[in-house]
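One structure below.
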Amino acid sequence: MRVVIICIISRGWEQQLPILLEAASKLTAEPEIWLIGCKEELLLPLPPSCYTEALPQPRVRQISYDLPMPTAEDYLAILQPMVENTAPRAILLDGSILSKELATRLAFRTGGRSITGVNEITNSPDGLMVTRGIYSCNLNATFVVEESPAVLALSAHPQLDADDNNSLETAQLVLAMGRGAGDKASRDKLYELAQRMGAAVGGTRPAALDGYFPIERMLGISGTSVKPELCITFGASGATPFMMGINDSKLLVAINSDPRALIFRYCDIGLCDSCDAVAEELLKIVPNETGKQIAD
Amino acid sequence: MLMKILVCFKVVPAIDLLTQEEWYQVVREGMDFGVCKKELGCFDEAALEFGLRLGDLLKMDERSVSLTAVTVGHQDSDALIRNLFAVGYKHICRLQTDADLTYSPLATATLLADFVRQSGGYDLILLGQQAGGGDSGQVHWLLSELLGVPCQTQKECVALPKSMPVIWAVENAECPYLRIATLREKMAAGKLTVETIEVTPSVPIYKPKNIWRDDKQRHCRMLEGETTAERVAALYTQVLQEVLKQ
C-alpha cells in the first residue's frame, strides 16, 4: 500500500513528523515523506525520532518552492499533480488549519475522501478504518474509507511557544478560569494567585469570549491542550470541549460553588465554595514573591 | 446596488448539558438526541450575528442589503429558526432531507452550493468554521471548491470584503452571540414562515461503522471543612504545598 506523508516545514514540524510516521506505520512498512519547504529549510535534517528500528532510513521526497508566503492554493498547485501521478492509497497530514484545508481540497480535486481530526488509522479487508472524535469529542466514531486517496488530517497539534516561560503547553501548573470565576475583582485575585504560584492562566471558551483572558489562552478542543502536573479550575462547569484540553493533567482540582457541577465528576479533588472566597483565602496562605505569607 | 448576503447555519443538540449517563443512553439508543435541547452551532451563531452587523454597516452607508439564512435540517428546529426573523433576517430557508448528513460534509456543501446557484448567487456567504455533530470543519472549503469562490477565515466584523463573491468562515469571533430580539419583534416574527425546500443529496452519504464513548472518569474526592478557610487550608496542605515546592 502506498502511503504518503505530506509535511510542510513550518513551526512544530519536528514534533509532527514522528507522529505522522507512527500513524503511517499502521498501514505500511515504508511510508514516503513529501517534505515541502524553501531551499534553505530543506537542508535541515529530519528529527532524530524519525529514525526507528522498523524504519531506519525513511524515504523522503523533497519539494522546494520559491514563494515568500505560499498559500493553500500554491501548495495545491504542487501537490495535486503529484497525487494524480503517484496515486497513493492514503495521504497523511498534521492537524494544523492549513493541513485540514489541504486535506479537504486535495481529496475533492483528486476524487478521494478526506477526514479531519483523525485519532487512529488501521487497515482492514473492508478498507481503511479511521477513528475520530465526534460531538466535540464526547464520542468516538470509526469510519471505513473505501475511496482512494484517503486524505487524512490527524488531530494532533504542534507544540508551539515552547520557549515562552508563560506557555500553556509547557506549564507545570495551570490555573483555568470558567465564567463562574466571578467578577473583575475576583479575577484579579486569581491572576495574583497565578503569579504567586507561577501558574499559566487559561480557561474556557465562554470565559475567553467574555474577556477574562486573551482568546489565545483558551483551553479545550478548539484551543490549547495542556499536560501540567496540576491544573486548578475556578468556576468551570466541566463541559466536554473544555475538559478535552485539560484531561491530560496529572492532577485536576476543581473549585465551583455549585455542588452539582459536572466538573466534580471529572476531577481528582473538588472544593465546593465561592471562587472569590477561595482565591482570597489562598492569597493569605500561598507565599508571595518574597516568600512570605500574608497575615490576616 | 443591492448586496446579497447568505448565512449558512446548523441547529445542533445542546450537548454541553448532557451528563455522562445521558451520553451512554444516547449511544445505546442509536444516537437519539430527541430529549436534548436544540441550539445554534456556536460558530454559526457568530456568523449569523456577523451577517446582521454587516447589514447594519451597509444600511449606515445607505446601501441596500438582502439577508438570507439557510440551513439543512428537520422541521423540529423551526421554532428556533423562526427567531432569526425576529433579529432581522428577511428570508429563511430550510433544505429538508430525510438523509442524516451529520458525517457527510460534502453532501451538505453540495446541497448548499445548489441552493446558492438556484438563488442566483450571493456576494458574501458566511458560515461557522465548524458545527456540532460530525465536527468535520470542512463544509466552507468544500463549498468554496464547488462554487469556485475563495474562502477566508474571519474573526472581526469591521468592514465589508474587499473583493466579492467570497466565503467567510467565522471562527472565534469578537461578537460570538446573536443579538436578542424585542418582544414586539418576536411577535411579528411569529407570523412569518420558514421556506422549506425538499432536497435529495446527490453524493454518497457516510455513516460510522461504530460509535462509542471513552470512559475516562476520575474519582473526585471533595475537600471537607466547616469554613472556607478550613477547606482552603486542606487544599493547600494536601495538594498545593507539595506542588509549589517543586
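The values are calculated or read from the model by the stated rules, or taken from the named source; none is laboratory data. All values reported here derive from a predicted model rather than from experimental measurement. Here the Cβ positions follow ideal geometry from the backbone for every residue, glycine too, while neighbour counts run over all protein chains shown. Note: accessible area is taken over every heavy atom of the protein model, side chains too, but ligands, DNA and RNA are not part of it. Shrake-Rupley method; radii C 1.70, N 1.55, O 1.52, S 1.80 Å.
Just to be sure before I move on: is B:Gln152 modelled with pLDDT under 95, within 20 Å of A:Leu98 (Cβ to Cβ) and open to solvent by 40 Å² or more (accessible area, probe 1.4 Å) in the structure I sent?
yes
Put simply, of B:Val170, B:Val243 the only residue that is at pLDDT below 95, β-branched (Val, Ile, Thr) and over 28 Å from B:Glu62 (Cβ atoms) is B:Val243. Within the bounds of the stretch A:126-141, is there any residue that is open to solvent by 50 Å² or more (accessible area, probe 1.4 Å), in a loop (DSSP other than H, G, I, E, B), out of contact with any Leu (no Cβ under 9 Å at 6 or more places or on another chain) and facing chain B (nearest Cβ under 9 Å)? Within the stretch A:126-141, one or more residues are open to solvent by 50 Å² or more (accessible area, probe 1.4 Å), in a loop (DSSP other than H, G, I, E, B), out of contact with any Leu (no Cβ under 9 Å at 6 or more places or on another chain) and facing chain B (nearest Cβ under 9 Å).
Restricting the first residue to the stretch A:251-275 and requiring it to be over 19 Å from B:Leu244 (Cβ atoms) and facing another protein chain (nearest Cβ under 8 Å), which pairs with a second residue that is among the small types (Gly, Ala, Ser) and open to solvent by 40 Å² or more (accessible area, probe 1.4 Å) meet a Cβ separation below 9 Å and a spacing of at least six or different chains? These pairs meet every condition: A:Leu262/A:Ser237; A:Cys272/A:Ser257; A:Asp273/A:Ser257; A:Ser274/A:Ser257. Restricting the first member to the stretch A:100-115 and to residues that are more than 8 Å from every other protein chain (Cβ to nearest Cβ), and the second to residues that are open to solvent by 10 Å² or more (accessible area, probe 1.4 Å) and part of a helix (DSSP H, G or I), the beta-carbon pairs closer than 8 Å and six or more apart or on different chains are A:Leu102/A:Ala72; A:Leu102/A:Tyr75; A:Leu106/A:Gln80; A:Thr110/A:Gln80; A:Thr110/A:Glu84.
If we scan the stretch B:156-166, do we find a residue that is within 10 Å of another protein chain (Cβ to nearest Cβ), open to solvent by 20 Å² or more (accessible area, probe 1.4 Å) and modelled with pLDDT of 90 or more? Within the stretch B:156-166, not a single residue is within 10 Å of another protein chain (Cβ to nearest Cβ), open to solvent by 20 Å² or more (accessible area, probe 1.4 Å) and modelled with pLDDT of 90 or more. Considering the stretch A:61-77, and only residues there that are more than 14 Å from chain B (Cβ to nearest Cβ) and open to solvent by 50 Å² or more (accessible area, probe 1.4 Å), the residue that is nearest to A:Glu22 (Cα to Cα) turns out to be A:Arg61. Here the condition is being without any contact (Cβ under 8 Å) to a residue 40 or more places away in the chain and more than 25 Å from B:Gln154 (Cβ to Cβ); of B:Gln20, B:Gln25, B:Gln75, it holds for B:Gln25 alone. Set side by side, the residues A:Ala162, A:Ala87, A:Ala103 differ, and just one is on the phi < 0 side of the Ramachandran plot and at pLDDT 95 or above, which is A:Ala103. Filter the stretch B:203-246 down to the residues that are open to solvent by 50 Å² or more (accessible area, probe 1.4 Å), hydrophobic (A, V, I, L, M, F, W, C) and facing another protein chain (nearest Cβ under 8 Å) and list them by number. Across the stretch B:203-246, the qualifying residues are B:Trp212, B:Met222, B:Leu244.
Here the strands (runs of 3 or more DSSP E) wholly within the stretch B:1-75 that include at least 2 residues being open to solvent by 60 Å² or more (accessible area, probe 1.4 Å) are B:38-40. Among the residues of the stretch A:194-224, those that are of a type in the set (Val, Ile, Thr) and in contact (Cβ under 8 Å) with a residue 12 or more places away in the chain comprise A:Val201, A:Thr204, A:Ile221, A:Thr224.
When the stretch A:167-198 is filtered for residues that are within 14 Å of chain B (Cβ to nearest Cβ), closer than 21 Å to A:Glu229 by Cβ and in a helix (DSSP H, G or I), the ones remaining, listed by number, are A:Leu190, A:Leu193, A:Ala194, A:Gln195, A:Arg196, A:Met197.
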